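**Q** I'd like to ask some things about the structure below.
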Amino acid sequence: MSYSLKMKMNKVLLLVIVVAVSTVFIIPILMMLLGSLKTQGEVLLLDLSLPSAFRIENYIHVLETGSIMRGYMNSLITTVSSVILILFCGSTAGIIISRRSDRTSSALYYYFIFGLTATFNTVTTYALMLKLNLYGTYFGVIMVFTAINLSFAVLTFSSFVKGVPREIDEAAIVDGSGPFTLIFRILMPILKPVLVTNLIIAAIGVWNNFMVPLYLMNSSAKMTIPLTVFNFYGLYARDWQFVFAALTITILPVVVLYLCMQRYIVEGMTAGAVKG
């Protein structure tokens, strides 16, 4: 067998595997989208057939009765605040750790690596929130989300900055730039790929998180969108067309964000892996 023929066969085999794996994810999404536009009888078939009539009123019913907009607002508050904190703390800490070569920086670097292996402990976090009077508050939930995602952000920023020449720093300092100008006006534009990568990963993780608000929010008025959909499912367990419509509305912002910025994810992850 020639080398070129072997390469072609490998590519065909790889394509078949990719299509097979993609099908596992695409079919449930298509089923959800089509089901959200069907009647109650049609959606119970759980197939990929087109609806007899596209029922937009399913979405109107969900928006009017499901408290979806309130869940959206609560998720926006926690997600936007958490992501801003994660990006700010992660980028500044990553830059400082990567640019210093003393023992403190090395200890901090391994401290954040250890943070990647630590799992979220519900009981101790709940007790800490009670002790700090942060239980049931947006601020407490935002702090927990920031802590969960900070290790990954610090390590990716630190790995990326190690590949940026130090001569850029030296030239900026010679031109009279202070620390804040150096970080936010010189280095941040260079860090755009890893910045967007962290933004998308953190936003998706916080937006879809179910456990943290479930245990740390004590009011239905502060429920995020996953908890709102969970309650909605309890009310409409037999009306799958409404459940599918609620799920579609829930994932829409994350899908739009991902599609708008997907090219930066691969670029940022690859650059961080190579330069780390």
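The values are calculated or read from the model by the stated rules, or taken from the named source; none is laboratory data. Note that the coordinates shown come from a computational prediction; the quantities given were computed from them, not determined experimentally. Glycine gets a Cβ as well: all are built from the backbone with ideal geometry, and neighbour counts include every protein chain shown. The area values use the complete protein model at the heavy-atom level, side chains included, leaving out ligands, DNA and RNA. Shrake-Rupley method; radii C 1.70, N 1.55, O 1.52, S 1.80 Å.
**Q** Just tell me, in residue order, which DSSP H segments of the chain are both 18 angstrom or longer along the helix axis (alpha-carbon based) and at least -1.0 in mean Kyte-Doolittle hydropathy.
**A** Counting only whole DSSP H runs, the qualifying helices are 3-35, 68-99, 103-117, 138-162, 192-208, 240-275.
**Q** Below 8 Å, C-alpha to C-alpha, sequence gap of six or more: please give me the relative contact order for segment 177-251 in percent.
**A** 19 percent
**Q** For the chain, calculate the relative contact order in percent as a whole number, restricting contacts to Cα pairs under 8 Å that are 6 or more residues apart.
**A** With pairs under 8 Å counted, the relative contact order is 30 percent.
**Q** Could you report the chain's accessible area per residue, 1.4 Å probe, as an integer in Å²?
**A** So the chain comes to 58 Å² accessible per residue, rounded to a whole number.
**Q** Considering only C-alpha atoms, what is the centroid distance from segment 1-44 to segment 162-208, in Å?
**A** Measuring centre to centre over Cα atoms gives 38 Å.
**Q** Hey, another quick one. If you count, for each residue, the other Cβ atoms within 10 Å and average over each peptide, how do 216-227, 179-190 line up from highest to lowest?
**A** 216-227, 179-190
**Q** Here's a follow-up. What figure, in Å² to the nearest 10, do you get for the accessible area of Y233 with a 1.4 Å probe and non-protein molecules left out?
**A** Accessible area of Y233: about 100 Å².
**Q** Turning to a different aspect of this structure: Round to the nearest 10 and report in Å² the accessible area of S101, as given by a 1.4 Å probe over the protein chains' heavy atoms.
**A** Counting only protein heavy atoms, S101 exposes about 110 Å² to solvent.
**Q** Can you give me the C-alpha center-to-center distance between segment 79-116 and segment 122-138, rounded to a whole angstrom?
**A** Rounded to whole Å, the Cα centres lie 24 Å apart.
**Q** Give the calculated FRET efficiency between T181 and K6 to the nearest 0.05, with a Förster radius of 51 Å applied to their Cβ-Cβ distance.
**A** For R0 = 51 Å, the calculated efficiency reads 0.40.
**Q** Now a separate question. Quick one: give the max-minus-min coordinate of the C-alpha atoms of segment 1-88 along each principal axis, largest first, in Å.
**A** Per principal axis, max minus min of the Cα coordinates gives 64, 50, 15 Å.
**Q** What are the principal axis extents of the Cα atoms in segment 63-177, in Å, biggest first?
**A** Sorted from largest, the Cα extents of segment 63-177 read 60, 33, 22 Å.
**Q** Same structure again: What are the equivalent ellipsoid semi-axes of segment 27-66, built from the alpha-carbon gyration tensor (square roots of five times its eigenvalues), in whole angstrom, biggest first?
**A** Ellipsoid half-lengths, sorted descending, are 18, 11, 8 Å.
**Q** Using the Kirkwood radius over C-alpha pairs as Rh, can you work out the diffusion coefficient of segment 127-276 via Stokes-Einstein at 4 °C, viscosity 1.567 mPa s, in µm² per second?
**A** Details: Rh = 18.3 Å.
Approximately 71 µm²/s, per Stokes-Einstein.
**Q** As a check on your grasp of the helix formula, calculate [θ] at 222 nm for the chain: sum -39500 (n - 2.57) over DSSP H runs of n ≥ 4, divide by the residue count, round to the nearest 500.
**A** -25000 deg cm²/dmol
**Q** Assuming 0.36 nm per residue, please report the length gained on full extension of the stretch A221 to V123 beyond their Cα-Cα distance. Each step should come with its number before you reach the end.
**A** Values: separation 98, 0.36 × 98 = 35.28 nm, distance 2.31 nm.
Between A221 and V123, full extension yields an extra 33.0 nm.
**Q** Let me ask something additional. Quick one: if you stick a label point 7 Å off each Cα along the C-beta vector at L63 and A20, how many nm between them?
**A** A separation of 4.2 nm, rounded to one decimal place.
**Q** What is the percent carbon and sulfur in the accessible area of the chain, measuring with a 1.4 Å probe over the protein chains and ignoring ligands?
**A** 70 percent
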